[in-house]
Number of protein chains: 8
Amino acid sequence: MERRWNVYLSGEIHSDWRERIPAGITAASLPVDVSAPVTDHSASDEAGVRILGQESDGFWKDHKGAQVNAIRTRTLIRHADVVVVRFGDKYRQWNAAFDAGFSAALGKPLIILHDQDLTHALKEVDAAALAVAERPEQVVELLTYVIEGRL
Amino acid sequence: MERRWNVYLSGEIHSDWRERIPAGITAASLPVDVSAPVTDHSASDEAGVRILGQESDGFWKDHKGAQVNAIRTRTLIRHADVVVVRFGDKYRQWNAAFDAGFSAALGKPLIILHDQDLTHALKEVDAAALAVAERPEQVVELLTYVIEGRL
Amino acid sequence: MERRWNVYLSGEIHSDWRERIPAGITAASLPVDVSAPVTDHSASDEAGVRILGQESDGFWKDHKGAQVNAIRTRTLIRHADVVVVRFGDKYRQWNAAFDAGFSAALGKPLIILHDQDLTHALKEVDAAALAVAERPEQVVELLTYVIEGRL
Amino acid sequence: MERRWNVYLSGEIHSDWRERIPAGITAASLPVDVSAPVTDHSASDEAGVRILGQESDGFWKDHKGAQVNAIRTRTLIRHADVVVVRFGDKYRQWNAAFDAGFSAALGKPLIILHDQDLTHALKEVDAAALAVAERPEQVVELLTYVIEGRL
Amino acid sequence: MERRWNVYLSGEIHSDWRERIPAGITAASLPVDVSAPVTDHSASDEAGVRILGQESDGFWKDHKGAQVNAIRTRTLIRHADVVVVRFGDKYRQWNAAFDAGFSAALGKPLIILHDQDLTHALKEVDAAALAVAERPEQVVELLTYVIEGRL
Amino acid sequence: MERRWNVYLSGEIHSDWRERIPAGITAASLPVDVSAPVTDHSASDEAGVRILGQESDGFWKDHKGAQVNAIRTRTLIRHADVVVVRFGDKYRQWNAAFDAGFSAALGKPLIILHDQDLTHALKEVDAAALAVAERPEQVVELLTYVIEGRL
Amino acid sequence: MERRWNVYLSGEIHSDWRERIPAGITAASLPVDVSAPVTDHSASDEAGVRILGQESDGFWKDHKGAQVNAIRTRTLIRHADVVVVRFGDKYRQWNAAFDAGFSAALGKPLIILHDQDLTHALKEVDAAALAVAERPEQVVELLTYVIEGRL
Amino acid sequence: MERRWNVYLSGEIHSDWRERIPAGITAASLPVDVSAPVTDHSASDEAGVRILGQESDGFWKDHKGAQVNAIRTRTLIRHADVVVVRFGDKYRQWNAAFDAGFSAALGKPLIILHDQDLTHALKEVDAAALAVAERPEQVVELLTYVIEGRL
């Protein structure tokens, strides 16, 4: 009976990394189930008020939305075997760093993905990781090695 | 392999909300398993003494019954991914608030369901929730969004 | 070196029970430190908006206030050795039942205090308690016995 | 015997907020012990290589330094009753968001401090907080209320 | 997808209660998987030395055997949803009481089974239980009610 | 600043072992605080009904008493660094074995004290211990060695 | 529904013990899923730098590799019901002892496997184990007994 | 009120590193309490049999001794803020690696101390550490920086 691994993909939503990792997993036939936050940006922003009622104050609109999204993200992180967090060069992505800290405190193995020029800014996050990579394909190689023992 | 979500429905037993949520889940084809306390009021009251022996003192009759019910409720709450608690306008429903506190301490995402006129009385409970809604259909919409990412 | 016990008093704020327990503790010279939520009702309601900014919507006013109060209550409950929760005959007191559930999930010994006519309504809460009493003096007697071994 | 509270101040190091909070605590005579990361920027960057040996590669220099700092920060966060995290308008401050996530997963009450224009970017972090404030003086007022019950 | 319940049967091995409970579960078609310690008394006593090498000293023979049995019992108790412990009128059965304490500390719902004349001797164990019964059939009735809601 | 050790003495109440251990600790000037259940047998039996109200049914009298005693014992065990449990040759002492199991599940180092003729009956309890001794003076020697490093 | 057991095999990689245990499990038709670290020595050494980039400094090459391997080993140990650790007579095998300590702190039942002449050197590791054996066939016998109750 | 740090020194007992660290702590006036296993080699070997009775079989003599020592070491590690483990070039020191794994699973910050020629053999242990140093003086410098922020 083959054990399946749960891998959660947190962070940057403006590049195609979240498609390339599952594509690589499929190509490598790895026993991995991938999960992620809702990456439809406007759905994610609107979910709170659309379902639970409009807010005139932007703070509470954001609050409602972020808490609804947290139902998903915290549940999936708690069920993950490995958490991958990618940081891009745009936006502040504090939610990505929050997820990394949350996962670290739960003892989840962390893989961090970012370009080299973010190294200094991400040093505290990288310091909590078991692997720091630059390209999504490296994550697939890591999973292939970690799960199947193949390089 | 699709992940299924366990959702526990705690609280009010005098309206049809506990039927409307599973109906909505089925209609939306969500991968959700719903659980709940025993909602047959007299069975719930009688279970302790019927199985374990009559009591002359009402306190101990209630005690036996409540502890037997706790075997079910605490087990199901511990296995739940999300706990939904509904408060109605009748009765004191202290067990609903107890379940909310119990779930909060375990780190379970909480959805609280109640009419607007209970807002002030429920403020401490709502403050521990990730979503506060009024109608059962909103819970289905929340689950649809949280699990499938669809608004 | 004498061990001191932390006892948290949650619940009803409309009778003098929270004064009678410390008075009894002092009279019995027990090594007990008592803590409690803020019991100044209007301060408790206003704290959120007074410190963090007004809200036009009552829901968010209550939310802010309840979360600020939770900083205190959750910290004190986590540090408590014993949690006492009193239910009175007025108001819904859902926060009291929430605190009882929260404490139960953390494994804290619970003492519940209420009049006999609330027995049926509180059966699930009582079922999680190690003692159910009616008068604050009984709590002092319990603490005297539990800590000093004197009846 | 008065209980003392441990409050950890994480985040932004380019304004004087970390002096204003202790000053306010002293002025209000609160029983609070404040802790914080090392805020001497160059010491913090150099600590790893200075003590453990130089590195030619910037990544490993940062890694060594960040891990040495983590000995301090993780220990102090674990011992904190309340964690305050401030975000400024400069730099990415991913370590601040990391600390917020780490603290949230440990169940620590979180107070987040930032200007209003960061509200949308910080919505996931704020959603995990029990209070969101703009000025350090509000943190002192929160602690005064939470600990002493005074508004 | 029906949830199955794991029920662990600890304690007395000299009556047929461990057969009567599974028989009742089958008759009632309950979704329950039953587990138990090895109840072949001589196998249980001999397992340690037979597999790991003889001992001349009785203490170490017992020690080896008891530790080998603990690999099974602790694993099964950790996986159990409900732990049932039966005390008979013969022998000291300290392992049964040990299992009850072990399960209680893990927060497992406990059902204790014994004759009335053991009530006083077992009061501390019973005090940690959610149900105290006399006959194995009552355990089946409890499971039927707890899982299916039927009395 | 010398660290003090908390040692909890559970079990047999019909010999003088609970006096001999503190006497030995004092003689050896060890930094140890000793705690124990209430050992006044009749106080322990009567505490529940005397404080919380009489019961006509012996089961509930015992239940009330045992739960009141559990407020003390579970709190002290949770705070203990080391738990010592002594079994005598009289009575069933199921509470002693329960405490041993409870302590084992919490990861507390266990020292078990009993005569050699109980070895077989106590094998599962002994198997969870880090030391098995026969005389209280051995416990003092163990604490002297463990704390001070002196044989 | 038969429960399957997860058994993790840590330690020595220079003898055929890791083949003999699964062979024995298959022969005995045990419901056991076996997992292990990557035992291809050069793959294990090279994985870090091959996937994440070369290092000139041996320390960082080893560090990268060991952390990548830790993604696998810590995940599998956390999911294991039983952890078996074998020590051979060559090399220092500190990772084996590290895994034993890691497993012990998580409360995993430990089986240690080594020749008699290592007894003194391994006494602290053995002291944390529930069984100490010399030959892989004994592990199969242990699993047969523990899972099926057969000697 | 100055917070004191507990630092546990595990591992090698054949050099003077365990004296040099406290000497450095005293010289630097750090608020640190140092603890360690019993380092008197023969006392450590003899403690079990001397206190609890002789054994003819070397395995059980070692077992008794190692378990008695574990009462001390596990308690002190659980209370430590930081765990330092030193590996020397002699002996196998599996207990040192065991302590490192045990501490890692508990989330303790680890500092590993060893000469460069052990780097490859210790790579899995080092990979779990927040600092790897060669000389005891570096540990003092680390503590000075971590606690006081001084380089």
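The values are calculated or read from the model by the stated rules, or taken from the named source; none is laboratory data. For clarity, every value in this text was computed on a predicted model and none was experimentally measured. We place every Cβ from the backbone using ideal geometry, glycine too, and count neighbours over all the protein chains shown. These accessible areas exclude ligands, DNA and RNA; they are computed on the full protein's heavy atoms, side chains included. Shrake-Rupley method; radii C 1.70, N 1.55, O 1.52, S 1.80 Å.
The table for this structure:
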| read-out | value |
| --- | --- |
| Cα long-axis angle, helix C:94-105 against chain C (0 to 90 degrees, to the nearest 10) | 60 degrees |
| Solvent accessible area, Å² - E:ARG74, 1.4 Å probe, full protein context | 60 Å² |
| Residue-averaged 222 nm ellipticity for chain F, from DSSP H runs of 4+ at -39500 (n - 2.57), nearest 500 | -15500 deg cm²/dmol |
| Protein-protein interface of the range G:18-65, residues with accessible area decrease of at least 50 Å², isolated chain reference, 1.4 Å probe | G:ILE51, G:LEU52, G:PHE59, G:TRP60, G:ASP62, G:HIS63 |
| The range F:1-110: GluC sites (Glu not before Pro) in DSSP loop, at most 14 other beta carbons within 10 Å | F:GLU2 |
| Solvent-accessible heavy-atom area per residue, rounded to whole Å², over the protein assembly as shown at 1.4 Å | 36 Å² |
| Computed magnitude of the charge dipole of the range G:34-151 (debye, nearest 20; Cβ of K, R +1, Cβ of D, E -1) | 360 debye |
| The range B:1-93, accessible surface, carbon-and-sulfur percent (1.4 angstrom probe) | 47 percent |
| Highest-MSF residue in chain C out of C:ALA36, C:ALA28, C:ALA104 [GNM, Cα springs under 10 Å] | C:ALA28 |
| Förster-model FRET efficiency, 35 Å R0, B:ALA27 and E:ALA27, C-beta, rounded to 0.05 | 0.45 |
| Accessible area buried between chains C and B, both sides summed, probe 1.4 Å, in Å² to nearest 100 | 3200 Å² |
| Selection from F:ILE147, F:HIS114, F:ILE13, by position along the positive dipole direction of the range F:6-151 (Cβ) | F:ILE147 |
| Acute angle (nearest 10 degrees) that the helix G:17-27 long axis makes with the longest principal axis of chain G, alpha-carbon atoms | 40 degrees |
| Nearest-10 value in Å² for the accessible area of G:ARG78, using the 1.4 Å probe | 100 Å² |
| Accessible surface, 1.4 Å probe, highest first, among residues D:SER44, H:SER56 | H:SER56, D:SER44 |
| Crossing angle, helix E:136-148 versus chain E [Cα axis fit, 0-90 degrees, rounded to tens] | 60 degrees |
| Cα-based Rg / Dmax (Å) for the protein assembly as shown | 29.3, 81 |
| Percentage relative contact order, the range C:20-133, counting C-alpha pairs under 8 Å, at least six apart | 18 percent |
| Kirkwood Rh, angstrom, chain A [1 / mean 1/r, Cα pairs] | 16.2 Å |
| Radius of gyration, Dmax [the range D:97-151; alpha carbons; angstrom] | 11.8, 33 |
| Rotation relating H and B, chain B residue nearest the axis via C-beta, angstrom | B:GLY107, 9 |
| Unsatisfied cross-links (Cα-Cα over 30 Å) in the set A:LYS108/D:LYS61; A:LYS108/H:LYS64; B:LYS61/F:LYS108; A:LYS108/B:LYS108; A:LYS123/H:LYS90; D:LYS90/G:LYS64 | A:LYS108/H:LYS64; B:LYS61/F:LYS108; A:LYS123/H:LYS90; D:LYS90/G:LYS64 |
